[in-house]
């Protein structure tokens with residue numbers, strides 16, 4: 001069975017040039033905190049999939065692609081992608097999912113930050129668009145904790161007057 005990346009590439013190969021351009025338009029406008037317009041200008045199918053997986057992680061990349069395909073009225077293609085992905089998951093032959101920040105061989109602070117920004121952008125977009133019910137995003141968003149030196153100091157910065 002094919003990997004998530006291969007499934008995403010195969011789905012984009014079904015689009016003609018104008019449809020791929022529309023896909024890029026939706027991707028860069030809806031997820032501009034993670035994917036810049038300049039990155040999508042000359043991106044081919046493989047660049048697009050690599051950027052999506054790096055930004056969202058494999059499973060969220062599938063969800064994002066399905067969402068965009070549906071917005072483009074490519075409902076059959078969206079359903080095929082979902083079906084093939086579920087089959088791959090059921091058969092257990094899919095490549096192990098690795099957090100997107102660690103896919104490049106290291107979990108650098110910058111890649112972790114970029115992943116968080118991407119997830120937050122995706123969550124905000126999905127909530128605003130009605131794709132996610134309120135509270136659903138918390139299950140996959142990274143948890144963030146801030147410890148303050150003084151409970152009244154919410155930012156956690158030291159008070160220079162002390």
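Read the figures in this text as sums done on the coordinates, not as results from a lab. Note that the structure is a prediction, hence the values are computed from the model and not measured. No Cβ is skipped: glycine too gets one built from the backbone with ideal geometry, and neighbour counts run over all protein chains shown.
Going from the fewest other Cβ atoms within 10 Å to the most, the residues 40, 65 appear in the order 40, 65. Each label point was placed 7 Å from the Cα along the Cα-to-Cβ direction; for residue 37 and residue 90 their separation is 4.3 nm.
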